[in-house]
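Written below as structure tokens is the structure these notes are about.
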Amino acid sequence: GDSVTQMEGPVTLSEEACLTINCTYTATGYPSLFWYVQYPGEGLQLLLKATKADDKGSNKGFEATYRKETTSFHLEKGSVQVSDSAVYFCALSKGGTSYGKLTFGQGTILTVHP
Amino acid sequence: NAGVTQTPKFQVLKTGQSMTLQCAQDMNHEYMSWYRQDPGMGLRLIHYSVGAGITDQGEVPNGYNVSRSTTEDFPLRLLSAAPSQTSVYFCASSYVFGRTNTEAFFGQGTRLTVV
């Protein structure tokens, strides 16, 4: 079946450091790929998405590129802030009968210190 | 906009009790889902619905029932609570536009403890 694997966490960084959270997937066909963020005590929010190979999703300084050849969708940010502290989830969705269903990675806890 | 509303936010049950987690959305989305979040395991799909009157099982459906009588509501029923059902539950609704354009919107979650 489909699966998503994220790098082991948690990740602890100082403010203004560079961030990369690795995400790889296994799926048949052409899934759409997502990064969701969960701030403490809240539900998940969409951070960015990409729907086809070589697409780059971006939002709030975060970026991720859909790499079909390496089945990856790594999340990057050049300079993190304390307010970026959250749990980050990589996920995929497929069309057809799988509309509305997401397959998630295990999540990566990010803590940013001043 | 209310978006996706879940109630209650917190619940403690005794083993064997039953209860219903409520979920309502006001975005007229056809697709709705229930997930559970457990440490180190991400979110796993329990049940989902592609429209009123249509539901199907996800990855971890045992011990849970759902129904979808309206577009807006998608309640999740725990039939006989077990400690293994201690988790945080999230409801989501999704739109689909075209072949691949989709986005899910999540509720705030229900933290359930079964003792």
Looking at the protein assembly as shown only, what percent of DSSP beta bridges run antiparallel? Nearest 5 please. 90 percent
Shielding by partners, peptide B:43-56 (average Cβ within 10 angstrom, other chains): 2
Can you tell me the FRET efficiency between B:Thr113 and B:Asn62 if r is taken as the Cβ-Cβ distance and R0 is 25 Å, rounded to the nearest 0.05? 0.85
Quick one: buried accessible area between B and A, total over both chains, 1.4 angstrom probe, nearest 100 Å²? 1800 Å²
Which value, in Å², gives the accessible area per residue of chain A when a 1.4 Å probe is used on the protein heavy atoms? 46 Å²
Taking all pairs of different Cα atoms in region B:5-115, averaging 1/r and flipping that mean, what Kirkwood radius in angstroms comes out? 14.1 Å
Toy charge model, Lys and Arg Cβ at +1, Asp and Glu Cβ at -1: chain B dipole around Cα centroid in debye, rounded to 20, equals 340 debye
Obtain the nm distance between the two label points defined at B:Val12 and B:Thr86 by a simple spin-label model: each point lies 7 Å from its Cα along the Cα-to-C-beta direction. 1.2 nm
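Answer rounded, prolate or oblate for region A:63-105, using the Cα gyration tensor with square roots of eigenvalues a ≥ b ≥ c: rounded when a/c is under 1.5, else prolate when a/b is larger than b/c, else oblate.
oblate
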Set the Förster distance to 25 Å, then compute FRET efficiency between A:Glu8 and A:Asn59 from the Cβ-Cβ distance, nearest 0.05. 0.55
Tell me which cysteines of chain A come out unpaired when the rule is another cysteine's Cβ under 4.7 Å. A:Cys18
Projected convex hull area of the protein assembly as shown, Cα atoms, direction-averaged, in nm², equals 12.3 nm²
I'd like the distance between the alpha-carbon centres of region A:79-114 and region B:1-70, rounded to an integer number of Å. 19 Å
Ignore the peptide's own chain and count Cβ atoms of other chains within 10 Å of each Cβ in A:31-42; give me the average, rounded. 2
Considering only DSSP states other than H, G, I, E and B, which GluC sites (Glu not before Pro) in region A:44-107 qualify as loop sites with at most 14 other Cβ atoms within 10 Å? A:Glu69
Take peptide A:100-112, look around each residue's Cβ out to 10 angstrom, count Cβ atoms belonging to other protein chains, and average those counts. 5
With a Cα-only, solvent-free Debye model of chain A, what are the log10 I(q)/I(0) values at q = 0.10, 0.21, 0.22 Å⁻¹? -0.27, -1.13, -1.23
For the pairs A:Lys68/A:Lys94; A:Lys52/A:Lys94; A:Lys56/A:Lys101, note any where the Cα-Cα span goes beyond 18 Å. A:Lys56/A:Lys101
Just the number, please: carbon plus sulfur as a percent of the accessible area of chain A, 1.4 Å probe, no ligands or DNA/RNA counted. 50 percent
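The values are calculated or read from the model by the stated rules, or taken from the named source; none is laboratory data. Nothing here was measured: the structure is a model prediction, and the numbers come from that model. Glycine also receives a Cβ, built like all others from the backbone with ideal geometry; neighbour counts cover every protein chain displayed. Keep in mind that these areas ignore ligands, DNA and RNA; they rest on the heavy atoms of the full protein, side chains included. Shrake-Rupley method; radii C 1.70, N 1.55, O 1.52, S 1.80 Å.
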